[in-house]
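No value in this document is a laboratory result; all are computed from the given coordinates. A quick note: this is a predicted structure, and the numbers were derived from the prediction, not measured. All Cβ positions, glycine included, derive from the backbone under ideal geometry; neighbour counts span all protein chains shown.
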Amino acid sequence: MTTTGHSKSGAIQVTGEVIGLRRAGEYHVLTLTAGGIPDLTRPGHFVALAVGGEHSSMLLRRAFSIYSVQSRGVYGGTLEIVFAVNGKGTEWLSRLHRHDQVDIVGPLGRPFALPKEPVACVLVAGGYGSAPMFALADALRARGCRVDVVLGASTESKLFGVLDAKRIAASLTITTDDGSAGERGRVTDVLPAVLQRTDADVVYACGPMPMLQAVAKVATEHGAYSQCAVEESMACGIGVCMSCVLPVVGDDGVTRMLRSCVDGPVFRGDRVRWDEVGTIPEGTLGAPVSGGH
Amino acid sequence: MTRAVITHGPRPDAAADVPDIDMTTWLAGLELPSPVLTASGCAAAGRELDQFFDITTIGAVVTKSIMLNPRSGRPTPRMAETPSGMLNSIGLQGPGIDAFLDKDLEWLRARGARAVVSIAGGSVDEYTRLASKLRHVTDVAAIEVNISCPNVEDRGQVFACDPVAAAEVITAVRRNTNPGIPVLAKLSPDVTDIVAIARSVVDAGADGLSMINTLLGMVIDTDTMRPALAGITGGLSGPAIRPVAVRCVYQVHAALPEVPILGMGGIRTGLDALEFVLAGASAVSVGTVTFHDPGAPARIARELAVALAERGFESFEQAIGHAHRAPDPAPASGGPVAGHGHTLDADAPDTAVEAGVEG
Ligand SMILES: Cc1cc2nc3c(=O)[nH]c(=O)nc-3n(C[C@H](O)[C@H](O)[C@H](O)COP(=O)(O)OP(=O)(O)OC[C@H]3O[C@@H](n4cnc5c(N)ncnc54)[C@H](O)[C@@H]3O)c2cc1C
Ligand SMILES: Cc1cc2nc3c(=O)[nH]c(=O)nc-3n(C[C@H](O)[C@H](O)[C@H](O)COP(=O)(O)O)c2cc1C
Ligand code: FES
């Protein structure tokens with residue numbers, strides 16, 4: 001294991017080793033040794049993995065939410081991620097073997113903000129978006145918060161962590177688009193009732209962008225504060241390339257194109273201009289003039 | 001001869017393996033303790049990379065091209081991965097020169113890192129005003145002028161593709177900034193004759209050349225059946241463009257051997273950096289590969305020192321342009337010519353090179 005980085009906080013680069021790779025429905029759960037990363041990790045952080053081996057032609061790292069960490073065990077610090085095979089990078093990850101090496105950078109991003117008071121919280125996740133929610137639930141419960149969970153997916157095999165969620169949540173509501181598990185429909189179909197029943201103050205969400213947009217809207221309508229972990233395509237993951245931006249309104253009311261890798265991935269749901277993600281909304285700081293790259 | 005092991009990836013203990021070789025270089029009068037720099041737009045203003053290696057140890061941080069006013073950049077998606085490279089169409093997102101000087105440059109100064117400030121504009125006037133803003137700013141090691149920008153006063157024609165427009169920009173910058181600070185003109189490879197552009201900007205007062213910027217490219221998403229980038233086209237970078245970049249550096253060094261070159265384009269290892277140096281670069285920038293390995297600039301500097309020592313060089317400077325030396329004398333026996341450990345003839349004159357395109 002080699003580790004570089006001379007900062008005490010912030011991210012470090014570590015050569016991890018595969019300890020295990022197992023299937024969970026349509027997902028893979030990868031366990032890696034991760035040196036000092038677990039000690040620095042808080043719920044909502046992510047890691048960026050180099051894929052394809054030493055001479056890989058895939059230059060860009062792949063980002064994954066941190067599912068769980070263990071600071072000290074037989075292998076020292078370890079971490080787990082949950083991933084779906086999406087393209088050639090995740091395909092490569094799914095074929096790793098025990099003892100293979102993986103270059104890890106992390107922990108990255110801004111984690112979920114935790115309430116100071118023991119308030120009621122609802123955690124909403126779509127698909128593998130549940131990965132960061134279990135560590136978050138633990139942290140919230142340690143503060144005396146009530147935690148209710150809503151998990152959704154297109155179909156049962158794309159739900160992740162149902163058993164974990166049952167264990168930690170005051171209540172668990174499941175939805176699937178095809179009705180193969182829980183209620184047929186979307187998380188936002190059941191969310192208003194959950195918010196009403198629990199009188200929640202904070203909603204935490206992670207999943208596809210349209211789901212986050214809908215969750216943020218419902219939360220705001222119920223007077224709840226929302227914290228959404230977004231997924232934007234990233235080239236560097238560490239804040240140096242400006243490829244992962246989205247329009248976010250600041251405290252001063254000005255919209256800026258913020259980097260989701262360092263200013264996020266967790267944003268206040270009421271601050272992201274969801275309808276205009278993928279555009280430069282009018283009035284954004286420095287809005288458009290043509291040219292240059 | 002024994003070869004030092006060249007490893008990929010971070011090696012905290014690697015300092016121990018680095019040979020004692022003088023890595024000092026001069027870029028248009030600017031002395032740098034290391035010949036490896038970051039590339040503009042691939043290191044922001046150094047702060048994030050400082051988590052992964054001590055940025056005061058590299059040659060300099062070349063900052064993201066800054067414009068006069070704050071700029072939001074282009075819509076997303078702004079990047080697409082390509083074989084051994086990537087396309088980007090960031091659109092020069094940035095805070096504008098004033099905020100840059102107050103926050104970013106100030107941070108670099110306080111940190112004790114050398115800063116090469118990259119500037120970009122849409123008109124000669126904008127470059128002029130940027131240069132004037134930098135005139136009295138201390139702690140700017142050099143100015144890199146990104147001329148791969150469309151000229152809003154000439155139907156969006158890119159400055160770097162027109163020798164006259166490129167020269168106008170460089171003249172304006174040179175005239176309006178501190179004469180003691182080197183001005184580097186950053187060239188685009190998307191031209192028919194890069195030597196002609198190089199000559200033109202050097203005649204206009206450029207003290208050195210940075211090359212190369214990205215190549216214009218495009219990816220079409222076969223699922224959506226539309227261009228993958230919101231900006232439709234983007235700049236191609238990474239190891240995929242390295243042979244183009246090495247060719248450009250070699251041609252320009254052959255034609256203008258006195259002009260210092262900051263070489264870049266797909267440098268991933270110390271040996272890649274060595275190619276640029278042998279072709280004529282006095283220093284190199286590491287760009288896209290930093291996204292793959294955030295410790296890359298420091299790692300590549302170590303690997304380059306090892307590679308130079310293995311080849312019998314006593315200093316970095318000896319290797320600059322070494323690929324242009326006179327042909328080795330034919331071996332009497334007709335046996336193979338040793339690649340490594342040949343005698344260095346630092347004074348060998350540069351041979352005239354055919355810089356033409358193969359027919
Ligand atoms: C903060 C964050 C957290 C994430 N957490 C998880 C997770 O916990 N589990 C999981 O399965 N996936 C997660 N993703 C998505 C994951 O990064 C992509 O599925 C993965 O990069 C796809 O790589 P590929 O080579 O298989 O696909 P390809 O399509 O071959 O990738 C090509 C390029 O596009 C980028 N890319 C493609 N799809 C995505 C995407 N959905 N998001 C971001 N970049 C993409 C890749 O990084 C790569 O640069 C997360 C993404 C982000 C930004
Ligand atoms: C995401 C990204 C942003 C870039 N931004 C700039 C820029 O602002 N100014 C500039 O002169 N070059 C910019 N470049 C070009 C690089 O500085 C460099 O010239 C080019 O990428 C080739 O080097 P590389 O292959 O090592 O990246 C950018 C490149 C990338 C990949
Ligand atoms: S991915 Fe590079 S700045 Fe966010």
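In deg cm²/dmol, rounded to 500, what helix-only [θ] at 222 nm does chain A give when every DSSP H run of at least 4 residues adds -39500 (n - 2.57) and the total is split over its residues?
On the way: 6 runs with 53 residues, N = 293.
One gets -5000 deg cm²/dmol as the mean residue ellipticity at 222 nm.
Over its Cα atoms, what ratio of radius of gyration to 2.2 N^0.38 Å does chain B give?
Computed over Cα atoms of chain B, the ratio equals 0.98.
Highest mean first, how do A:255-263, B:314-322, B:29-37, A:82-90 rank when packing is the count of other Cβ atoms within 10 Å averaged over residues?
Numbers: A:255-263: 22.8, B:314-322: 19.0, B:29-37: 21.2, A:82-90: 15.8.
Order by mean packing, descending: A:255-263, B:29-37, B:314-322, A:82-90.
By per-residue mean of other Cβ atoms within 10 Å, what is the highest-first order of A:238-246, A:19-27, B:97-105?
By packing density, highest mean first, the sequence is A:238-246, B:97-105, A:19-27.
Obtain the nm distance between the two label points defined at B:D54 and B:D154 by a simple spin-label model: each point lies 7 Å from its Cα along the Cα-to-C-beta direction.
Distance between label points: 4.6 nm.
Based on a Kirkwood Rh over C-alpha pairs, give the Stokes-Einstein translational diffusion coefficient of region B:177-323 at 10 °C and viscosity 1.306 mPa s in µm²/s. Walk me through the intermediate numbers first.
Working: Rh = 16.3 Å.
D = 98 µm²/s.
Go through the cysteines of chain A and tell me which have no other cysteine Cβ under 4.7 Å away.
A:C121, A:C145, A:C206, A:C228, A:C244, A:C261
Label-point separation (nm) for B:D125 and A:R268, each offset 7 Å from Cα along Cα-to-Cβ?
4.0
For the residues A:D148, B:D162, what sequence is obtained by ranking on other C-beta atoms within 10 Å, fewest first?
B:D162, A:D148
Can you tell me the equivalent ellipsoid semi-axes for the protein assembly as shown? Use √(5λ) from the Cα gyration tensor, largest first, whole Å.
The answer is 47, 29, 21 Å, longest axis first.
Over chain A, what is the relative contact order in whole percent, taking alpha-carbon pairs under 8 Å and six or more residues apart?
15 percent.
Once you charge only the Cβ atoms, +1 for Lys and Arg and -1 for Asp and Glu, what is the size of the charge dipole of the protein assembly as shown about its Cα centre, to the nearest 20 debye?
For the protein assembly as shown, the charge dipole is close to 1620 debye.
Which FRET efficiency value, to the nearest 0.05, do you get for A:R143 and B:R135 by plugging their Cβ-Cβ distance into 1/(1 + (r/R0)^6) with R0 = 60 Å?
So the FRET efficiency works out to roughly 0.65.
Helix by helix, which DSSP H runs in chain B go 18 Å or more along their axis at the Cα atoms and have an average Kyte-Doolittle hydropathy of 0.0 or more? Don't skip to the end; give the middle numbers.
Values: long enough: B:163-176 (20 Å, 0.43); B:242-255 (20 Å, 0.44); B:296-310 (21 Å, 0.63).
Span-like helices in chain B: B:163-176, B:242-255, B:296-310.
Defining a contact as two alpha carbons under 8 Å apart and six or more residues distant in sequence, what relative contact order in percent does chain B show?
Value for chain B: 19 percent.
How do the peptides A:175-183, B:280-288 rank, highest first, by the average count of neighbouring beta carbon atoms within 10 Å per residue? Spell out each step's value before the answer.
Details: A:175-183: 16.0, B:280-288: 28.6.
Highest-to-lowest ranking by the protection proxy: B:280-288, A:175-183.
Using a Gaussian network model of chain B whose springs link C-alpha atoms within less than 10 Å, name the residue from B:R74, B:R155, B:R174 with the highest mean-square fluctuation.
For chain B, modelled as a Gaussian network with Cα springs under 10 Å, the answer is B:R155.
Would you be so kind as to identify which of A:P43, A:H97, A:V14 lies farthest towards the positive end of the dipole of region A:9-108, taking Lys and Arg as +1 and Asp and Glu as -1 on Cβ and the Cα centre as origin?
A:P43
At R0 = 25 Å, how high is the FRET efficiency between A:R72 and A:K116 if r is their beta carbon distance? Nearest 0.05 is fine.
It comes to 0.30.
Taking the Cα centre of chain A as origin and charging only Cβ (+1 Lys, Arg; -1 Asp, Glu), how large is the dipole, in debye to the nearest 20?
Using Cβ point charges on Lys, Arg, Asp and Glu, chain A gives about 580 debye.
Which FRET efficiency value, to the nearest 0.05, do you get for A:R197 and A:A84 by plugging their Cβ-Cβ distance into 1/(1 + (r/R0)^6) with R0 = 35 Å?
Numbers: r = 31 Å, r/R0 = 0.89.
The formula returns an efficiency of 0.65 here.
Counting DSSP beta bridges with both partners in the protein assembly as shown, what percentage is antiparallel, nearest 5?
Approximately 55 percent, going by the DSSP bridge assignments.
Would you mind computing Rg(Cα) / (2.2 N^0.38 Å) for region A:114-229, counting N as its residues? Walk me through the numbers before you get to the answer.
On the way: Rg = 12.6 Å, N = 116, 2.2 N^0.38 = 13.4 Å.
Dividing the Cα radius of gyration by 2.2 N^0.38 Å gives 0.94.
At A:D100 and A:L163, where each label point lies 7 Å from the Cα along Cα→Cβ, what is the point-to-point distance in nanometres?
In this crude label model, A:D100 to A:L163 measures out at 2.5 nm.
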